[in-house]
Amino acid sequence: MTEEKLTSKDYVSSLKPIWCPGCGDYGVLNAMALALEELGRPTENIAVISGIGCSSRLPGYLNIYGFNAIHGRAIPIACGLKIARPDLEVIAVSGDGDCFSIGGGHLPHVVRRNVDIACFVMDNQIYGLTKGQASPTTPRGDITSTSRYGNLDRPIWPLRFMLGYGTTFVAQATPLDIKHLAKMMVAAILHPGFAFLNILSPCVTYRGKEMYQFIRERMYYVDETPDYDPADDQKAWRLISNKDRFSLGIIYQKLSKTYREKLDEVEERARGGKISSLADERKLFLP
Ligand code: SF4
């Protein structure tokens with residue numbers, strides 16, 4: 001008997017989202033369901049790990065394995081799971097505050113290890129759940145609940161930030177185009193190695209409904225750029241250095257050994273030598 005193909009509805013849980021009406025995260029959830037339908041993996045073979053924040057509610061709204069971790073810790077938990085269970089598709093979901101501030105220290109390390117997980121950041125340029133404090137991506141000068149006279153801090157640019165670390169897959173999308181967002185999610189999940197997807201997801205409550213228009217007026221698709229080449233990091237750097245527009249699509253992609261491949265090599269080397277017993281293997285790691 002052939003198994004019936006799952007549809008996007010099968011990947012969504014019965015829990016009703018409690019995001020504010022108009023929040024961009026609804027579109028992210030819809031795109032995620034479409035992406036999971038496209039991948040067609042059984043629900044028990046996918047796990048979504050989140051931190052804390054509005055966006056980190058996502059695992060509860062999906063009918064797959066999920067874990068709502070503590071603030072900023074989605075990535076290390078996702079890495080541990082992927083290393084222990086390489087057969088699973090593991091996705092870390094986070095917000096701009098959760099990922100770039102509290103969890104920011106994990107980013108260079110997951111990149112240099114190239115653990116085969118995807119990371120989706122719902123970037124709304126604010127801490128929404130805790131009532132509108134300035135986040136690492138809040139533009140300079142913006143009024144927030146912690147910057148009543150304008151934000152003093154220079155914001156980070158997620159794409160440049162991650163490209164600078166040497167991430168092997170860097171992409172950007174927005175729920176303003178759900179089909180494209182779903183396509184980018186699929187590409188990120190299928191990428192062998194650490195894949196970073198920045199999602200411009202408006203917070204209507206603390207950034208205003210105008211964010212939709214602001215993004216719409218500035219977004220463009222990188223694959224419509226004449227000399228677009230996602231394998232060229234210099235071109236990618238130039239492409240995303242224009243502050244007046246939002247690049248959508250795969251900005252940069254290259255293949256590099258994953259952490260699992262490196263682990264397998266070490267194991268093979270250890271087993272292929274004169275080492276014959278577990279006690280001998282352990283000696284390898286003694287000082
Ligand atoms: Fe969405 Fe902002 Fe409401 Fe949070 S506070 S649910 S990010 S609109």
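The values are calculated or read from the model by the stated rules, or taken from the named source; none is laboratory data. Predicted model, so just to flag it, every value in this text is computed and none were measured. Positions of Cβ are backbone-derived with ideal geometry, glycine not excepted, and every protein chain shown enters the neighbour counts. Surface accessibility is based on the protein's heavy atoms, side chains included, excluding ligands, DNA and RNA. Shrake-Rupley method; radii C 1.70, N 1.55, O 1.52, S 1.80 Å.
Side notes on the structure shown:
- Under 24 Å from the Cα of K262 - lysines, other chains or at least 8 residues apart: K82, K254, K274, K283
- Considering region 1-40, its Cα convex hull presents a mean projected area of 3.2 nm².
- Of all lysines in the structure, those lying under 23 Å Cα to Cα from K9, and not within fewer than 8 positions of it along the same chain, are K179, K183.
- For the set F161, F214, the ranking by accessible area, highest first and with no ligand, DNA or RNA atoms included, is F214, F161 under a 1.4 Å probe.
- In region 1-100, the GluC sites (Glu not before Pro) that fall in loop regions by DSSP, at most 10 other Cβ within 10 Å: E3, E4
- Between the alpha-carbon centres of region 1-75 and region 103-140 there is a gap of 18 Å.
- Using a simple spin-label model with pseudo-atoms 7 Å out from Cα toward Cβ, E267 and Q213 lie 5.6 nm apart.
- From its DSSP helices (H runs of at least four residues, each -39,500 (n - 2.57)), the chain gives a residue-normalised ellipticity at 222 nm of -9000 deg cm²/dmol.
- Exposure of F67 as accessible area (Å², to 10), given a probe of 1.4 Å and all protein chains: 110 Å²
- Residues D232, D96, D87, sorted by accessible area with the largest first, give D87, D232, D96 [1.4 Å probe; ligands and nucleic acids excluded].
- Residues in region 43-81 reached by a label modelled at E4 [backbone nitrogen below 15 Å; 7 Å Cα→Cβ]: 43
- In whole angstrom, the chain maps to an equivalent ellipsoid with semi-axes of 33, 23, 20, each derived as √(5λ) from the alpha carbon gyration tensor and ordered largest first.
- Cross-link reach is defined here as a Cα-Cα straight distance under 15 Å, omitting same-chain residues fewer than 8 places apart; for K5 the aspartates and glutamates meeting it are E37, E38, E44.
- Using the average count of surrounding beta-carbon atoms within 10 Å as a protection proxy, the listed peptides 191-200, 9-18 rank, highest first, as 191-200, 9-18.
- Expressed to the nearest 5 percent, the antiparallel share of DSSP beta bridges inside the chain is 20 percent.
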